[in-house]
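Readers should treat all values here as calculations from the given coordinates under stated rules, not as data from a laboratory. All values reported here derive from a predicted model rather than from experimental measurement. As a convention, Cβ positions derive from the backbone with ideal geometry for all residues, glycine included, and neighbour counts pool all protein chains shown.
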Amino acid sequence: MLGYILKRLLAVVPVITFVAIFVFLLLRLTPGDPAAILAGDAATPAQLEKIRTSLGLNDPLLVQFGTWIGQLFRGDLGISLISNIPVSDMVGQRIWPTINIALMTIILSVLLAVPMGVIAAWKHRTWADYAVMSFSVLGFSVPVFVIGYIFIQVFSIELRWLPVQGYTPPTEDFGKFLSKAILPCLTLATIYVALIARMTRASMLEVLGEDYVRTARAKGVSETLVLFRHALRNAAVPILTIIGTGFALLISGVVVTESVFNIPGIGRLTVDAILARDYPVIQAMILLTSAIYVFINLMIDVAYSIIDPRIRY
Amino acid sequence: MLSFKEGLLDKTARSRGASTLRAGLIAGALLSGTGLATSAQAEEKVITAVMHSGLRVIDPVITTAHIVRNHAYMLYDVLIAVDENFTPQPQMASWAVSDDKLTYTFTLRDGLLFHDGAAVTAADAEASLKRWGVKDSGGQLIFDVTDTLTATDEKTLVWTLKEPYPPLIDTLAKQSALPPFIMPASVAATPATESISSFIGSGPFKFVEDEYQPGVSVTYEKFDEYVPREEPASWMAGGKVVYVDKVKWVTMPDSQTSINALLSGEVDYMEQVPVDLLPILESSDEVVSELRDPLGYQSIGRMNFLYPPFDDVKIRKAAMMAISQQDIMGTLVGNPDYYKICGAVFGCGTPLEDETGAETLINGGDVEAAKKLLAESDYDGTPVVLMQPTDVPSISAQPIVAAQALRDAGFTVDMQPMDWQTLVGRRASQSKPSEGGWNIFFTNWGVPEINSPLINPMLNGRGNDAWFGWPTDDALEALRKDFIKAETLDEQVAVAKQIQAHAMDVVNYIPVGQYLVPQARSTKIVDMLPSPVPVFWNVKKED
Amino acid sequence: MSAANAPVSRLQPVLGLLSLPLRLRKLGGGPMIAAIVLIIIVIAAALAPLYIPHDPLAINAIYRLKGPSEMFLLGTDAYGRDLFSRVVMGGRVSLFIGVGAAVVSVSLGLAIGLVSGFFRVADSIIMRIMDSLMAIPSILLAIALVALNGPSLWSVIAAITLPEIPRVVRLVRSVVLTVREEPYVEAAVALGSSMPKILWQHLMPNTLAPLTVQGTYICASAILTEAILSFLGAGVSTEIPTWGNIMAEGRLYFQIKPSLIFWPGLMLSLCILSINLLGDTARDLLDPRLRKREA
């Protein structure tokens, strides 16, 4: 087991290295000039040139790359070209809202989606199944921002139940955190619920056809127990996988919901940085999100062996 | 939270009223350690304001972005400031001019302190002015004729010139694009091409460093030791009396969200409301919308003088003739209450306003004449590269309407969409339009940024040292020199009229209309100063 | 992979695919409606230039943000452009982006996947690159790519396509790895068939079915991704209307003129819904495991 984890960790190295090279090159080939963005409307070309030099943007690419990699090895993410603040500080400020919202979304989604999927599979080809499936297809088909606007319109403006926007850290005021986080989480969850419910249903359908389920039923085990103890346990691997691969989807949702609900998270940080060509921030963010993605999927692979005893490494 | 030392200082400065408020604050500071802070903090008066953009850069010298200038007015003070009649008034300093107009003596007023408690000295002002002079175009002109600038004692700053420079005081008092803010000398020692990293100013607000999130929010708290002037506040001049404890600026990526937050009382103020959305606010009696300042913004189109087709004045004229301000403003703003058709390069509603030469622009354009002129010219159908920003609502309509007008006149238009930041980078490129350069783009200026030949960035004919588009225009430079020499307003107006006629004649740039930006506030926010720069002194928040 | 998942004969998947429309009829209900809706949308979009009442780009300040009228069926947008004309023309572009992204990512993914599945040397390098591409959140990669190339139609398609390719490659590769071990492929190798021939005759057919399903999903998600890119300010220029950029422009007016989001949003959702439903149906039909149980 430990050997397996180590092996998988080693395999992460080339992936992250490639991401680093790719992102670096992508940005340096991008038109757009952080110096011009920094200097504003009235700068002259000569002034821009001076700023570029002081930012190190006039150094040869290889030198810039070397500097960056050197910093990375020292655990230094660099300094934002625009804000002149260490990137690690910016990430530190902005990552918690995203993590909290994402975690809450995942928990909410699993709580909603798994029962939905189980019921759909259990009541296969009945109205319940069709309802769940329709919802899950619908969840994929409406853009996240439209869902967000509809929620705001209904719950915040018409009913006045919840705040329109913003974020309060749970450590500061948990009640406020919840009231502000509910709508963004629900918005994000629509797509995630759709994804997980679908996968749960498909996976359960497969398992429910297996012999041991039939045996359990024949032995007179209660239906709830059959479903949630025997079947779901065995259907769990694909469900876990989809939660892992769905992380990418979650990120794209996060980027949008953070804009709609004005949450100061890393999604907005990254988009703003891309639009402002703040190279160190973009590099750090893409590297970081990639690493998180790889790490989550690694964790899930490890979790397999715990959940499904058939898988052994 | 107030420190013990500041609490003591505060007692000595209590004479100026609002003592209950301060007592509450001190109590809050003492209680916050005991966990009872929330009840005391609830009495804090905090204004939450949605600003037009996020604060990411904190150095007002390195950039001319409006949000950074606005931030600087919170944090820093200026020597001289302009009032609502465009008249310079003493702010941190009073001044005297020698009879030969070569020596200016500034005297700092009493009680000026930086946020770290140090007194503001003339040496700080000297260093700040010198750093500003490297970057600001008006400052550069003054330093071109400067003999010496020295602090002769703690309070006195003497500026001697090699030749008279009548607009010196106007330049120091200006509020755009780059006002000379006074920083501690140690901070002002930073090279002008590098960003400062200190938040110490001597203005009416202090920076709350722990709550700064670049691009998201920034919090200012009242600087209790700030001594306001006696005069009533007027634009950037007068007494900057602060009646709230904290001001929190937030950014929202979406105007819809900001409006909803304002309606639900989550924020108190919105700096810019899209005119089309005003009807939503009208339904609420807890929110009022109003014009912040009567001048607004001038929207402009600028052509590249280096490459065909716009290196030819005849073709530039044809392009200008095709364009109608009415079409552009009507599409951009819609509601005629919020825009002005204005052909004056110095803006309408300003002392130097004059519309000579802009007749076609303000009368709906003349496509037929444009066609004729273009046909007579050497235009060979070269595509005009028009840069269109896709992510800034206030510049969304201009390129689209202009592209249609130019096509109607017979131009081939290659409209290239890009995000604003790409545009900002690309307009600095002097490459051929077909190789990453450009032919025309649009942007907006606050009217106080263009209302004089001294500061209007476009009206600079110094070729490569000029603003993007790089016209080489000796006649314009000569006229600007005349303007600098003009000593009275009448003389200035006469020269400005010539500059207007000349600018239109060579089509230095195309003003495409002046628009006003409404702001909105909760009815709890009262006595907000109307000013081109949103300021948070004088304003009160009712319970 | 279980034995049930392995192809029974090399022709069966092709037959399965060809008979899909025939079997679709038997399904009735949802998929049928989805197919009809999609066909209507495609025809309406394809023929749009023939019947739109206004030039979708013609701006007119006088008619800004007007409600529905005889002149403007669905009203106008903030530039005074006809919403109806823009929505149907936008459908053309959105569908083009969807189909374009699907075709490009499937073909490139197929080619790379085949190579990767067959040549051990290339495999490890290709898969590391694919893993890396998959690790980068697709929306961030897409925004960066659009910023790199400028928001032209092609760069938006490319930006949507690139993050999809690794998924296709993985799929193709897994099929190849399974099929490679099949006796008839081993026999073909032993008999000295040339590699291109083996690829074409034995592997292509087995990858077609899953790729068709994958392609429909990519098409649907590409249309959605385009909308999100537009929302984030990295979409196609307003001179080329798409459902996404009509909504993105209209979102400012969500409360005063919801039709600017409602109509393109409705069309987009209907379209994606239909494509997804058809994709699901095709998957169920083409998946031998499921089919066995349904029977």
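Distances between every pair of Cα atoms in chain A, grouped in 20 Å steps from 0 to the bin holding the largest one, split as 26, 49, 21, 3, 0 percent.
The distance separating the Cα centre of the range A:247-261 from that of the range C:158-233 comes to 28 Å.
Treating each Cα of chain B as an identical point scatterer and summing with the Debye formula, the log10 of I(q)/I(0) at q = 0.06, 0.10 Å⁻¹ comes to -0.31, -0.86.
For chain B, a crude dipole built from +1 on the beta carbon of Lys and Arg and -1 on the beta carbon of Asp and Glu, taken about the Cα centre, is about 600 debye to the nearest 20. Bridgeable lysines around residue A:123 (alpha carbons under 22 Å apart, same-chain partners fewer than 8 residues away excluded): A:219, C:26, C:292.
Just to confirm a number: summing +1 for Lys and Arg and -1 for Asp and Glu over residues other than residue B:462 whose beta-carbon lies under 13 angstrom from that of residue B:462, what do you get? Around residue B:462, the surrounding residues sum to -3.
Other protein chain C-beta atoms within 10 Å of residue C-beta, averaged over B:386-397: 3. Taken as Cα centroids, the range B:96-166 and the range B:209-287 sit 32 Å apart, rounded to the nearest whole angstrom. Among A:219, A:50, A:176, whose mean-square fluctuation peaks in a Gaussian network model of chain A (Cα, cutoff 10 Å)? Evaluated over chain A, the most mobile residue of the options is A:219.
Projecting label points 7 angstrom from Cα along Cα→Cβ for residue B:487 and residue B:378 puts them 4.7 nm apart.
For a straight C-alpha distance cut-off of 30 angstrom, the lysines reachable from residue A:50 (same-chain residues fewer than eight places away being disregarded) are B:130, B:135, B:162, B:174, B:432, B:481. Across peptide B:256-265, the average count of Cβ atoms from other chains found within 10 Å of a residue's Cβ is 6. When +1 charges are put on Lys and Arg Cβ atoms and -1 charges on Asp and Glu Cβ atoms, the dipole computed for the range A:87-307 relative to its Cα centre reaches about 540 debye. Highest average first, the peptides A:260-270, B:351-361, B:250-260 ordered by how many other beta carbon atoms sit within 10 Å of their residues are A:260-270, B:250-260, B:351-361.
Compactness check for the protein assembly as shown: Cα Rg over 2.2 N^0.38 Å is 1.01. Scaled to the globular estimate 2.2 N^0.38 Å, the Cα spread of the range A:217-313, given as radius of gyration, is 1.56.
Of the peptides C:65-78, C:244-257, the order by per-residue mean of other Cβ atoms within 10 Å, starting with the highest, comes out as C:244-257, C:65-78. Packing around the peptides A:6-14, A:229-237, taken as the average count of other Cβ atoms within 10 Å per residue, puts them in this order, highest first: A:229-237, A:6-14.
Positive contributions from Lys and Arg (+1) and negative ones from Asp and Glu (-1), summed over other residues with Cβ under 12 Å from the Cβ of residue B:233, come out at -3.
Please give the average number of partner chain Cβ atoms lying within 10 Å of the Cβ of each residue in B:411-421, rounded to a whole number.
So the per-residue partner count for this stretch is 5.
Measuring nothing but how far apart in sequence close Cα pairs (under 8 Å, 6+ apart) lie, relative to its length, chain A scores a relative contact order of 25 percent. Between C:241, C:53, C:264, the GNM of chain C built on Cα springs shorter than 10 angstrom shows C:53 fluctuating the most. Judged by a Cβ-Cβ distance under 4.7 Å, the unpaired cysteines of the protein assembly as shown are A:185, C:219, C:271. For residue C:197, no lysines have a Cα closer than 18 Å to its Cα, not counting residues fewer than 8 places off in the same chain. Taking chain A as a Gaussian network of alpha-carbon nodes connected by springs under 10 Å, the highest mean-square fluctuation of the residues A:174, A:73, A:18 belongs to A:73. Axis of helix B:19-31 versus longest Cα principal axis of chain B: the two differ by about 80°, to the nearest ten degrees. Of the trypsin sites (Lys or Arg not before Pro) in the range A:78-153, the ones in a loop by DSSP (not H, G, I, E or B) with at most 16 other beta carbons within 10 Å are A:123, A:125. Over chain B, Cα pairs under 8 Å with separation of 6+ residues give a relative contact order of 18 percent. Here's how it looks for residue B:235: its modeled amide H is under 5 Å from those of B:84, which are all 5 or more places away or on a different chain. Annotation: amide H of residue B:390 within the under-5 Å range of B:418, B:419, B:420, sequence separation 5 or more or interchain, hydrogens built in the peptide plane.
What's the local net charge at residue A:64, with K and R +1, D and E -1, over the other residues with C-beta under 15 Å away?
Working: positive: A:28, A:52, A:277; negative: A:33, A:59, A:76, A:278.
Spelling it out: positives minus negatives among the neighbours equals -1.
Set against the 2.2 N^0.38 Å expectation for a compact globular protein, the range B:259-331 has a Cα radius of gyration ratio of 1.75. Beyond 22 Å between alpha-carbons counts as too far, so tell me which of B:240/B:524; B:222/B:541; A:176/B:45; B:541/C:257 fall in that bin. From the list (B:240/B:524; B:222/B:541; A:176/B:45; B:541/C:257), the Cα-Cα distance tops 22 Å for B:541/C:257.
Here the contact order of the range B:217-350, divided by its residue count and restricted to Cα pairs under 8 Å and six or more residues apart, works out to 15 percent. Between the range B:356-434 and the range A:1-19, what is the separation of their alpha carbon centroids in Å? Using only Cα atoms to place each centre, the spacing works out to 53 Å.
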